[in-house]
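Asks: Following this message is one structure expressed as structure tokens.
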Amino acid sequence: MPIKPITAQQHLAQIIKNKVGVDKTNSNSEQTPKPLANDTITKTVTPIPHYNSTESTLQRAQKRRKLALVRKQNNIESILELAQHYCPPVTSQGEPDPDWIERFLELAEDTSNSNIQKLWAKVLAGEVINPGSFSYKSLITLKHITPKEVDIFQLATSCAGKSSSDGFHQIITGSYLTPSLFNFFNPHKKSYVNLSNAGLNYPDILTLIDTEMIYMQEIESKAFESGESQSLSFANGTLTLTAKCKGCILTYYKFTQTGFSLARLTSNKLSNQYLECLRKALEKSFEVNFANK
């Protein structure tokens with residue numbers, strides 16, 4: 001027997017019951033709902049709320065506040081329980097700052113999504129192990145991040161290796177040869193990694209920029225000597241890029257300090273799709289090798 005889909009009105013009624021503590025409205029607007037498109041600034045819908053409740057407005061407000069407090073407490077307890085699970089039996093490098101803990105609790109209590117709760121728990125466990133690992137800015141970013149943005153960020157970390165030069169994560173986007181008399185008319189002097197083939201589309205890049213996970217502008221590496229290498233570390237191995245000729249330059253997106261901090265919460269195993277995109281795009285200027293752990 002097919003399951004009858006839930007209507008928007010049923011969803012709304014459930015929200016009202018969970019957040020206000022009363023059953024759905026019985027206002028006249030429910031029998032004859034008006035399309036949103038017909039509402040204008042000069043002519044708005046002003047329904048009079050009628051709830052199946054004998055309580056006063058003040059009593060309902062107090063109940064809503066209590067329900068919100070219960071929800072926040074449940075969120076905090078879930079996160080703390082997860083943090084105990086993620087915290088290994090290692091020696092702590094110090095005591096976390098009490099103000100940081102208070103700020104953490106204030107910002108984390110509104111998170112009900114189970115996947116983001118896991119990130120909060122990992123942040124707390126990491127801070128307990130090594131105080132100072134996560135800044136207030138990282139906490140604020142985590143508070144405002146959406147589940148979809150978390151998915152995009154986790155995908156980005158599968159394309160981002162930790163640089164051996166500065167320790168930050170990089171997403172290689174292409175390469176080119178420095179102009180000279182010998183390659184000025186070379187059609188292969190510039191190449192671009194097709195990130196969309198690895199699942200990371202341009203709107204995803206804009207999302208990462210908007211959430212301040214990566215810097216807005218692409219960055220250029222130094223000009224490599226022939227045979228010179230650049231290494232990027234992933235959870236499952238090391239990616240090595242070796243220049244085939246003198247003057248090769250890599251372009252990449254660099255993670256911000258916030259992105260770098262939160263990247264430690266994910267398992268950034270190199271994406272096979274991204275590896276193939278790299279090999280195809282850089283084959284003229286770099287040898288691309290990946291050594292598994």
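Asks: Taking Gly174 as the residue in question, decide whether it is farther than 30 Å from Ile140 by Cβ, assigned to a loop (DSSP other than H, G, I, E, B) and open to solvent by less than 80 Å² (accessible area, probe 1.4 Å).
Replies: Values: farther than 30 Å from Ile140 by Cβ: yes; assigned to a loop (DSSP other than H, G, I, E, B): no; open to solvent by less than 80 Å² (accessible area, probe 1.4 Å): yes.
Against the criterion (farther than 30 Å from Ile140 by Cβ, assigned to a loop (DSSP other than H, G, I, E, B) and open to solvent by less than 80 Å² (accessible area, probe 1.4 Å)), Gly174 does not qualify.
Asks: So which residues in region 133-169 are surrounded by 13 or more Cβ atoms within 10 Å (Cβ to Cβ) and assigned to a loop (DSSP other than H, G, I, E, B)?
Replies: Matches in region 133-169: Ser133, Phe134, Ser135, Ile145, Ser158, Cys159, Ala160, Ser164, Phe168.
Asks: As an exercise: evaluate Thr173 against (1) touching an Asp or Glu at 6+ places or on another chain (Cβ under 7 Å); (2) closer than 26 Å to Ser114 by Cα; (3) not charged (D, E, K, R) and give the number of the one condition it does not meet.
Replies: Looking at each condition in turn, Thr173 falls short on (2).
Asks: Every residue in region 106-124 that is open to solvent by less than 20 Å² (accessible area, probe 1.4 Å) and assigned to a loop (DSSP other than H, G, I, E, B), please.
Replies: Thr111
Asks: Return yes when Ser231 is in a loop (DSSP other than H, G, I, E, B), in contact (Cβ under 8 Å) with a residue 24 or more places away in the chain, of a type in the set (Gly, Ala, Ser) and closer than 21 Å to Asp166 by Cα and no when it is not.
Replies: On the way: in a loop (DSSP other than H, G, I, E, B): no; in contact (Cβ under 8 Å) with a residue 24 or more places away in the chain: yes; of a type in the set (Gly, Ala, Ser): yes; closer than 21 Å to Asp166 by Cα: yes.
No, not satisfied.
Asks: Quick check on region 234-247: of everything there that is out of contact with any Lys or Arg (no Cβ under 6 Å at 6 or more places or on another chain) and in a loop (DSSP other than H, G, I, E, B), which residue is most open to solvent (accessible area, probe 1.4 Å)?
Replies: Lys246
Asks: Filter region 276-288 down to the residues that are within 28 Å of the chain's Cα centre (by Cα) and part of a strand (DSSP E or B) and list them by number.
Replies: The one that is within 28 Å of the chain's Cα centre (by Cα) and part of a strand (DSSP E or B): Val288.
Asks: Can I ask one more? Checking the conditions here, which among Ser285, Ser271, Ser196, Ser267 is surrounded by fewer than 21 Cβ atoms within 10 Å (Cβ to Cβ) and either without any contact (Cβ under 8 Å) to a residue 24 or more places away in the chain or in contact with a strand residue (DSSP E or B) (Cβ under 8 Å, 6 or more places away or on another chain) (or both)? Working first, answer last.
Replies: Working: Ser285 fails: surrounded by fewer than 21 Cβ atoms within 10 Å (Cβ to Cβ); Ser271 fails: either without any contact (Cβ under 8 Å) to a residue 24 or more places away in the chain or in contact with a strand residue (DSSP E or B) (Cβ under 8 Å, 6 or more places away or on another chain) (or both); Ser267 fails: either without any contact (Cβ under 8 Å) to a residue 24 or more places away in the chain or in contact with a strand residue (DSSP E or B) (Cβ under 8 Å, 6 or more places away or on another chain) (or both).
Criteria check complete, one pass: Ser196.
Asks: Same structure, new question: I'd like the residue in region 199-223 that is touching a residue at least 40 places away in the same chain (Cβ under 8 Å) and more than 14 Å from Lys254 (Cα to Cα) and, out of all such residues, is surrounded by the most Cβ atoms within 10 Å (Cβ to Cβ).
Replies: Leu200
Asks: Quick check on this structure: which one of Asn113, Asn130 is touching a Pro at 6+ places or on another chain (Cβ under 6 Å) and of a type outside the set (Val, Ile, Thr)? Before the answer, list the steps.
Replies: On the way: Asn130 fails: touching a Pro at 6+ places or on another chain (Cβ under 6 Å).
Going through Asn113, Asn130 in turn, just one is touching a Pro at 6+ places or on another chain (Cβ under 6 Å) and of a type outside the set (Val, Ile, Thr): Asn113.
Asks: Test Tyr192 against the criterion of being touching a Gly at 6+ places or on another chain (Cβ under 6 Å) and at pLDDT below 95, and give yes or no.
Replies: On the way: touching a Gly at 6+ places or on another chain (Cβ under 6 Å): yes; at pLDDT below 95: yes.
Judged against the criteria, Tyr192 is a match.
Asks: If the Cβ limit is 8 Å and pairs must be 6+ apart or interchain, which residue in region 61-73 that is in contact (Cβ under 8 Å) with a residue 12 or more places away in the chain and surrounded by 13 or more Cβ atoms within 10 Å (Cβ to Cβ) pairs with which residue that is part of a helix (DSSP H, G or I) and among the β-branched types (Val, Ile, Thr)?
Replies: Hits for this filter: Lys63/Val20; Arg64/Val20; Leu67/Val20.
The values are calculated or read from the model by the stated rules, or taken from the named source; none is laboratory data. Here the structure is a predicted model, which is why all the values come from computation and not from measurement. Glycine also receives a Cβ, built like all others from the backbone with ideal geometry; neighbour counts cover every protein chain displayed. Keep in mind that these areas ignore ligands, DNA and RNA; they rest on the heavy atoms of the full protein, side chains included. Shrake-Rupley method; radii C 1.70, N 1.55, O 1.52, S 1.80 Å.
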